[in-house]
Each structure stands twice: as C-alpha cells, then as structure tokens.
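A short worksheet on the structure shown next.
The values are calculated or read from the model by the stated rules, or taken from the named source; none is laboratory data. The shown structure was predicted, so the numbers you read here are calculated from the model rather than taken from an experiment. All Cβ positions, glycine included, derive from the backbone under ideal geometry; neighbour counts span all protein chains shown. The area values use the complete protein model at the heavy-atom level, side chains included, leaving out ligands, DNA and RNA. Shrake-Rupley method; radii C 1.70, N 1.55, O 1.52, S 1.80 Å.
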Amino acid sequence: MKTTRKAKNVRRMALTITLRVLLVIFTVLILAVVGLCMTLNEILNGPSESARDVLTMSLLEASATKWVPGLFIGKDKVEEIRTKVDAPLPDDISDPEIVISDISQTDSEEWKDYPDGIRIETVYGSTFTAHVMLIRDPSSVYLATSTDHFSLDTPGTRIHNQIVTEGAIAAINAGAFNDDGTAGSYVGSLPTGLVISEGEVVWDDGQIYEGFVGFNEDNILLVANSMDAAKAKELRIRDGCCFGPVLLMDGVENQISYSSNSGFNPRTAIGQRADGAVIFVCIDGRQAGSLGGTYTDITNIMVEYGAVNACNLDGGSSTVMLYRDTYGRYTSEDKPWNNDIVLVNSYSLLQQDPRRMPTFFMVAPSNQ
C-alpha cells in the first residue's frame, strides 16, 4: 500500500509540475503576443508617419503578414500608404541604344582573375548585408523555368535543384508567382504575368505588373513599366518576366520607388551596365544581423556598380543567389547540398531549403 501511495504521489507531483510548466509557457506566449500587438499598434497608430509607412510596407510585402496592417489602421489607410509606391514610371521602356552587348569591348583587366566571367562581392548597409554578382557575358544569362507545361498539379522546383538540371554556373530567383501565403504544394507552381523563355511566350495570364524586365536578342536588358506579348515580340524579347518596380531606366532613378516607404525586406534585383555586364543583387533580410533593404538601398547598390537599367524581382523568402564553385573559392560550409553549389546569400533560419518557384534567372557557362 505504501508503495502504491508513493507512486501515486510521484505521478501527482509530476502532473502538477507538468501543468505548471505548460501554464508558464502558455503565459509567456500570451504575453509575447500581447506585447507584439501593443508594439505594432504603437508604431502603426503612433506619431511617426514614416515609421508607420515603413512597417506597413514591410508587412504588406510578406505573404504571411500582408493582412496585419489592416487590423490596426484599416484598409483605407493601408491603400493610401500603398499608393505612394504604386505610381507609374515617367517612361514606358528603356532605350537599348545606351548598352553595348559585345563583351570584346569590355575591360578585360577587370575580369582577369575571374575565368568564368563571374565576380561576387558583399556590400554592408546600416540595416542589411547585400550580395552582388557581376556577369561579364550578357548572352549567358537567360530565364529558366521549372517545367515546359505550367500547371497547379506540377509543383515548382527549388533553385538548387534547377541549377543542377540546367547545368548553369549561377542563379537567382526571378519573377512573380502564385502565392496565397499558405504552405500548399501548389504555391510556386504557376508564374503570374507574362513569362518569355528562349523567345517563346510560355505563360501569359493577363495580369499587369508595375514592371517587366527581359533580354532582347541582342542581349540587352530592357526594363518597362508594363509589357504584353505583342510588344515583347516587336522588341524581340528572348527571356523575361514580370515584377517590379523598375529601379533604373536609362541611367535615371525611378524617384517614385526610390523615395517611397518600401519597408525593410529581403530583396532581389537584376540590372545591366552600359558595357553589357549583368548585375544580380540579393539583400539578406528578416535576420538578426540583416533586417533587410528598401527600394532605395537596392537602387543605390545598382548605381554604385554602374547599372543603367535595373528592375526589382520577387523578394522576401524567395530571395536566393547560387554559384557553382568550379575554382574552389569557397569552403564546404558555403555548400549546404554536398556538391559544388554555393549558397551566396543567407535566407531565413525558418527555411531549410529555398522555396519552390517557377522561374529563375540562370547563367550558362560562357563560350566567349
């Protein structure tokens, strides 16, 4: 009897301790949620309009949190803030005449230490870490797709698998895609807007975006406020996709996006210098060491590296930059997939792998 009573007491004590621990955890979680809501309310309804606008745009750009600002400030105010960003460009499309696509005219001295024609550098800002990849040969950059026949039943691919499939030497994420903020298998299966690959329209759902970026058959990167299939054919676009906004057009900054309260987030962009060299930029974000960048930040980086045309691409948790380390410049710690593919940027700690996506800008091994 004593043994039975003692065992019951032990179980009762264990149950009591467990319940108290769970109560503490639950209380901490409730306090954390309440504290977060109070902080959001203080910023979104506080005296600083600039802080409110930056936080609003940061939350709107993330699929999982785009509904949050409306809870605190209402849909009308959210739309008012959003319209500060969603303004049209002064020109419709960039001028191809200001870019030279013949790499024989580029400065060979710049590339003497980069036999694969790719140079990677890191830029540090007050709120971000950015990764810049310069590609000497614009003819080697193209738009890869996850499948030849887009369908909700065919999941998108992960960029570290796609770069192996393509045999490419570098890659970044590209255009817009179907994303309802859930973890459904169909997310990333379908692009949105106009998608052109190898001179063919591979997707066109009629959605209009505030930006289009693509290479023509002369390997010149064109940026446009909008694009349709007929205009793309007229312009001889060989590879391109929709997103935006356009950051630079013919060497001129898009002041609407540059001066907007776009928020701090992971970002991806593509640009081109006047000598034809292509620029990939990825900004880390939503991390302890890198909050993220704004449109102003990524535009400034493009300007610093000599871009004359540039366009913002899909960002957030889609932001990723890969490089095939043929010449052994990186350690094994930079290669999470046990091959020679380097993860150049850093994405959220909540992600084990890059997201599934339908489109990617890839760099083929150059023949020149």
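Before we move on, is Ser58 within 24 Å of the chain's Cα centre (by Cα) and modelled with pLDDT under 75? Spelling it out, Ser58 is indeed within 24 Å of the chain's Cα centre (by Cα) and modelled with pLDDT under 75. Quick one: in the range 349-366, which of the residues that are assigned to a loop (DSSP other than H, G, I, E, B) and touching a residue at least 60 places away in the same chain (Cβ under 8 Å) is most open to solvent (accessible area, probe 1.4 Å)? So, considering only residues that are assigned to a loop (DSSP other than H, G, I, E, B) and touching a residue at least 60 places away in the same chain (Cβ under 8 Å), the one most open to solvent (accessible area, probe 1.4 Å) is Leu349.
Scanning the range 250-290 for residues that are surrounded by fewer than 18 Cβ atoms within 10 Å (Cβ to Cβ), modelled with pLDDT of 90 or more and in contact with a Ser or Thr (Cβ under 8 Å, 6 or more places away or on another chain) yields a count of 1. Exactly one residue among Asn367, Asn309 is at pLDDT below 90 and within 24 Å of Glu109 (Cα to Cα), and that residue is Asn367. Considering only residues in the range 312-348 that are in a loop (DSSP other than H, G, I, E, B) and at positive phi, the one that is least open to solvent (accessible area, probe 1.4 Å) turns out to be Gly328.
Looking across the range 83-109, the residues that are assigned to a helix (DSSP H, G or I) and modelled with pLDDT under 90 come down to Ile103, Ser104, Gln105, Ser108, Glu109. Note on the range 209-238: among residues that are β-branched (Val, Ile, Thr) and over 19 Å from the mean Cα position of the chain (by Cα), the one that is farthest from Ser257 (Cα to Cα) is Ile237. Among strands (runs of 3 or more DSSP E) entirely within the range 166-216, having at least 1 residues that are open to solvent by less than 30 Å² (accessible area, probe 1.4 Å) and under 22 Å from Ala64 (Cα atoms) singles out 170-173. Taking the range 116-144 as the range and being assigned to a loop (DSSP other than H, G, I, E, B) and charged (D, E, K, R) as the test, the residues that pass are Asp116, Arg136, Asp137. Taking the range 242-281 as the range and being closer than 22 Å to Ile98 by Cβ, part of a strand (DSSP E or B) and hydrophobic (A, V, I, L, M, F, W, C) as the test, the residues that pass are Val246, Leu247, Leu248, Met249, Val252, Ala269, Ile270, Val278, Ile279, Phe280, Val281. Being open to solvent by less than 80 Å² (accessible area, probe 1.4 Å) and touching a residue at least 12 places away in the same chain (Cβ under 8 Å) is the filter here, so list the residues in the range 25-45 that pass it. Those that are open to solvent by less than 80 Å² (accessible area, probe 1.4 Å) and touching a residue at least 12 places away in the same chain (Cβ under 8 Å): Leu40, Asn41, Ile43, Leu44.
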